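S.K.: Got a structure for you, questions after.
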Amino acid sequence: MEAATVAAPVAPVRQHPSIWTQAPELARRSIMRTLRQPAAVIPATTFPLILLAINAVGLESATALPGFPTDSYVTFALAFAFIQAGVFAVIGTGQNLAEDNRDGFFNRLQLTPIHPAALVAGQLAGTLALGLFQAATYLAVGLIAGAHIAAGFGGVLVMVALSIAISLAFGSVGLAVGMRVDAPEKVQSIFPLIFVFLFLSSMSLPRNLIQTDWFREIATYNPVSYMVEGLRSLLITGWDGEALALGFACALGILAIGLIFASLGLKERMVRT
């Protein structure tokens, strides 16, 4: 009688968590990390409001210029507060990632079976949460200060959506920089450069009222101008499809470019690891 053949046990295949499991966990960490840093959240929210107050008082006379689109400079300048918040998104996102690089957390995370897309998306969750808080704050303060929103309640929702897109766009730039450095100070060094881009835009005057030719030319090619004007159209004009399309296109374009460079930086790190 032949001996029965006993099949060898088959080891179960270990299933790695999906991206839909990994991303929320990293997002939760990013959001909690942001909320636990009031020293970063408060200046990032209040500094644009301080500049808004200064500009509203100091440049109120600009509303008397022929062709100026509104008689309320607070309404005109409110849009720029959202853009300034984006600058802090660059610094905040980049610094957090640079700290992870310095402390070795990011390197340890790369040794786990984590999906690269979850890693990148999770890092931006804190930026999204902060951007939502800032948008709500600026709208509330602006309305209290006398600003008006020509597009009504629907315009408020679109304005919040565009402001979040802008925050994520700038945050992706910080992500791309932070992916390549290991010290928060190196991320801070790009702050002056980004601020130059803000001031060489149509933040203080409409482009058609800028008299200096070279300044108007730079503002025309500066994507910041179109993001500002997209927000501003909801405040002053109402529903301007072209301005909104350009504003969202510039924000999403910068977001896409930032994510591409962040992904390339992530691949470089994985190769070195």
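The values are calculated or read from the model by the stated rules, or taken from the named source; none is laboratory data. Please read all numbers here as calculations on a predicted model, not as lab measurements. Here the Cβ is made from the backbone with ideal geometry for all residues, glycine too, and neighbour counts use every protein chain on show. These area figures cover heavy atoms from the full protein model, side chains too; ligands, DNA and RNA do not enter into them. Shrake-Rupley method; radii C 1.70, N 1.55, O 1.52, S 1.80 Å.
S.K.: Using a Förster distance of 45 Å, how high is the FRET efficiency between residue 186 and residue 65, based on the Cβ-Cβ distance and rounded to 0.05?
M.R.: 0.60
S.K.: Let me check I've understood the local charge: for residue 207, count other residues with C-beta under 11 angstrom from its C-beta, Lys and Arg +1, Asp and Glu -1. What total comes out?
M.R.: Value of the local net charge: -1.
S.K.: Calculate, for segment 122-273, the solvent-accessible area per residue in square angstrom, rolling a 1.4 angstrom probe over the heavy atoms of the protein chains.
M.R.: Ligands and nucleic acids excluded, the result is 46 Å² per residue.
S.K.: Could you give the length gained by full extension between residue 156 and residue 249, i.e. 0.36 nm per residue of separation minus their alpha carbon distance, to one decimal place?
M.R.: Answer, rounded to one decimal: 31.6 nm.
S.K.: Ok, one more. Between residue 137 and residue 264, what's the calculated FRET efficiency when r is the beta-carbon distance and R0 is 35 Å? Round to 0.05.
M.R.: Plugging the Cβ-Cβ distance into 1/(1 + (r/R0)^6) gives 0.55.
S.K.: Sorted by mean Cβ packing within 10 Å, highest first, what order do the peptides 195-207, 226-238, 60-72, 36-48 take?
M.R.: Per-residue Cβ counts within 10 Å, averaged per peptide and sorted highest first, yield 226-238, 195-207, 36-48, 60-72.
S.K.: For residue 150, list long-range residues whose amide hydrogen, built 1.01 Å from N in the peptide plane, is under 5 Å from its own amide hydrogen.
M.R.: Residues meeting the criterion, in which the H sits 1.01 Å from N, are 235, 236, 238.
S.K.: Let me ask you something else. Would you work out what percent of the accessible area of segment 111-270, with all protein chains in place, is carbon or sulfur (probe 1.4 Å)?
M.R.: Accessible surface attributable to carbon and sulfur in segment 111-270 totals 73 percent.
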